[in-house]
Amino acid sequence: MTPFVNIYRVTLTYRGSPGSAGVLALQDNSLQVERGEFAAVVGPSGCGKSTLMKLVTGLVRPDAGRIAVDGKEVAGPVKIVGMAFQNPNMLPWRTVLDNVMLPLEIVQPHRSRLRKEKKAYREKAEALLATVGLAGFGDRYPWQLSGGMQQRVSLCRALIHEPELLMLDEPFGALDAFTREELWCVLRDLWHKLGFTVILVTHDLREATFLADTVHVMSARPGRIVESRRIDLPRPRDIAVTYEPAFTGIVHDLRGKIAEVRQQA
Amino acid sequence: MNGLRNRLIRTADATAPLLFTVALFVIWEVVCRVFKVDPFILPAPSRIVEAMIRYWQPLLRHSFVTLWTTMVGFGLAVVFGVALGLVVGWSRTIYRSLYPVMIGFNTIPKVAVVPILVIWFGIGEVPAIITAFLISFFPIVVNVATGLATMEPELEDVLRALGARKLDIMLKVGIPRTLPYLYGSLKVAITLAFVGTVVSETIAANAGLGYLMVQAGSNFQMSLVFAGLIALAIEGIAMYAVFAYVERKSTRWAFRSSMSAGA
Ligand SMILES: Nc1ncnc2c1ncn2[C@@H]1O[C@H](COP(=O)(O)OP(=O)(O)O)[C@@H](O)[C@H]1O
Ligand SMILES: [Mg+2]
């Protein structure tokens, strides 16, 4: 069976101004993610993690190698994905509910149905907000919400069009430790409930270990996956698991690996 | 208790500018009387008011000319400024290459072109309209273009990955987030447009407050010159207030979100 996301020997150079050499961001990079799997990518800053996300979503084309999602070669924007970043990127002139519904105004077939079935879609968005603990917050504006709440809204916006693939680029990086752990659980529950595939980029090894089925470690630039580690901790996982020796052992191993690849840079 | 205090502070906030203006005129009057200032140099407010009452008809007529020429010039600046701003801000590449050129153009003193305009269009309202247009055009272009071009790249990525076209992105995100920039620039542009009109009127016109003031000055009617100045100030402040109000009403989210970001 072919993997759901297949990144095969991909190389990408950012061309700078004409004449300059450009930046070799990824070289001969391969990564496979199964359908329904929770994959995490960790690596030193600037190693090309965000670039990897752009490649999978079709925002950037590779110079060499192949990328396929759901068996289809990526040749442009991939509509079955949802994305969220460290910055919640809310539109401050829209209410929370209207922010969540933004993708529906873009993606077909929702785009043409939205006007007729406005009520049904609103109910769906409200239900999604409720699952992340924001029931009744739909009429508020983003600036009335805390950072953690805004990030929950951002997750809802990424999921409203029922994508099969969720791409998260350091989504919890700007939050305090308690809020971050709360949001790990929110994401964990959403994933259990909806069953999408996730690629999570993070620099937090505990976060990767707690959430993921597989943690991929990337080398310094030019980025390449140098190790893929399966996390066999039983599910569903509770925050308490992060204090168990098995968990801290894995985090230690990963930390050692990262230190190694940083030395080589 | 606290509510009352807050209300008092808010009332004080609202009335302070008015009190300050009144105080300024009172001090002016007192200084003129106590030091017996020559009315040909600086007429006391009471004399200015006298002149305003005596000459209310010509004042009103010339004020109206200044107002409509300013509004026409400003209106043209809004239409063409927004259009050019949309074009320039559409792509970051265009923005980056044109921005220095625009700033360069903006530093040319527009007043210097008035003599040229007079040669081209003769004396009258046309040079005033064009000067008002030129002087208020660039701030609008620059602000609209900046609003569009500084859109968060990640947000653009989110939408592009969903298959949004450039037009979708502009309509859903670019243009709404540019509105506060636009309204902010309108406030500035309208006051600049008045400057342009009046300067042009002082050089090449036979109507308008600028013209009136020059005429009154050469007849040594200093209190009428100042009356013209006050009329001008009233027009300028009123238009500024209108656009400040429009800005507050239509883009309240921008004030709120920046306030919460600042807190
Ligand atoms: N649009 C771009 N143009 C040129 N270089 C870029 C661009 N985007 C990223 N880079 C460079 O590519 C490298 C990888 O960037 P990125 O994928 O953002 O890293 P990460 O997300 O792992 O921190 C960095 O050295 C960065 O400077
Ligand atoms: Mg990054």
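FYI, it's all coordinate maths here, none of it is from the lab. On a predicted model such as this, the values are computed, not experimentally measured, just so you know. Cβ atoms come from the backbone with ideal geometry, glycine included; neighbour counts cover every protein chain shown.
Treating the angle as unsigned and between 0 and 90°, give the value, to the nearest 10°, between the Cα long axis of helix B:45-54 and the longest Cα principal axis of chain B.
Relative to chain B, helix B:45-54 is tipped by roughly 90 degrees.
List every residue whose amide H lies under 5 Å from the amide H of A:Glu227, counting only residues 5 or more places away in sequence or on a different chain, with H placed 1.01 Å from N in the peptide plane.
Amide H to amide H, under 5 Å and 5 or more residues apart or across chains, A:Glu227 pairs with A:Val217.
What angle, in degrees between 0 and 90 and rounded to the nearest 10, separates the Cα long axis of helix B:125-149 from the longest principal axis of the Cα atoms of chain B?
30 degrees
I need A:Thr11, A:Thr57 ordered by Cβ neighbour count within 10 Å, fewest first.
By the 10 Å Cβ count, ascending, the order reads A:Thr11, A:Thr57.
Given the options A:Pro236, A:Pro163, A:Pro222, state which has the largest fluctuation in a GNM of chain A using a 10 Å cut-off (strictly under) for Cα springs.
Of A:Pro236, A:Pro163, A:Pro222, the most mobile in the Gaussian network model is A:Pro236.
Measure nothing but the geometry: give the 0 to 90° angle between the long axis through the Cα atoms of B:56-90 and the longest principal axis through the Cα atoms of chain B, rounded to 10°.
Long axis of B:56-90 versus the principal axis of chain B: about 20 degrees.
Under 18 Å Cα to Cα from A:Lys118, which aspartates and glutamates show up? Leave out anything in the same chain fewer than 8 places away.
A:Asp98, A:Glu105, A:Glu126, A:Asp139, A:Glu162
Which three lengths, in whole Å and largest first, does chain A cover when its Cα atoms are put on their principal axes?
54, 49, 39
Is there a pair in A:Lys49/A:Lys79; A:Lys124/B:Lys172; A:Lys119/B:Lys172; A:Lys72/A:Lys193; A:Lys49/B:Lys166; A:Lys116/A:Lys193 whose C-alpha atoms are over 23 Å apart, and which pairs would that be?
Going by Cα-Cα distance, A:Lys72/A:Lys193; A:Lys49/B:Lys166; A:Lys116/A:Lys193 fall outside the 23 Å limit.
Which residue fluctuates the most in chain B, going by a Gaussian network model with Cα springs under 10 Å, if the choices are B:Ala14, B:Ala145, B:Ala77?
Between B:Ala14, B:Ala145, B:Ala77, it is B:Ala14 that shows the largest mean-square fluctuation.
With θ set to phi - 60° and the Karplus curve 6.51 cos²θ - 1.76 cosθ + 1.60, what are the ³J(HN,Hα) couplings of segment A:196-211 in order, to the nearest whole Hz, using x for Gly and Pro?
Per-residue couplings from phi come out as 6, 9, 10, 10, 10, 8, 7, 10, 9, 5, 5, 4, 4, 5, 5, 8 Hz.
Which order do A:Cys185, A:Cys156 fall in if you start with the one that has the fewest other Cβ atoms within 10 Å?
Neighbour counts put them in this order, fewest first: A:Cys185, A:Cys156.
Taking every residue in A:47-54, how many Cβ atoms of other protein chains lie within 10 Å of its Cβ, on average?
What the average comes to for A:47-54 is 1.
Going by Cα centres, segment B:175-234 and segment B:81-158 are how many Å apart?
That distance is 20 Å.
If neighbour count is taken as other Cβ atoms inside 10 Å, put A:Met53, B:Met222, A:Met167 in order from fewest to most.
In order of increasing Cβ crowding within 10 Å: B:Met222, A:Met53, A:Met167.
Of the candidates B:Val34, B:Val141, B:Val126, which one comes out as most mobile in a Gaussian network treatment of chain B with C-alpha springs shorter than 10 Å?
In the Gaussian network model the winner is B:Val34.
So if I place +1 on the C-beta of Lys and Arg and -1 on the C-beta of Asp and Glu, and nothing else carries charge, what would the dipole magnitude of segment B:45-262 be about its Cα centre? I want it in debye, nearest 20.
With Lys and Arg at +1 and Asp and Glu at -1, about 340 debye.
On each of the three principal axes of the Cα atoms of segment B:101-246, give max minus min coordinate, whole Å, ordered largest first.
Dimensions of segment B:101-246 along the principal axes of its Cα atoms: 70, 34, 20 Å.
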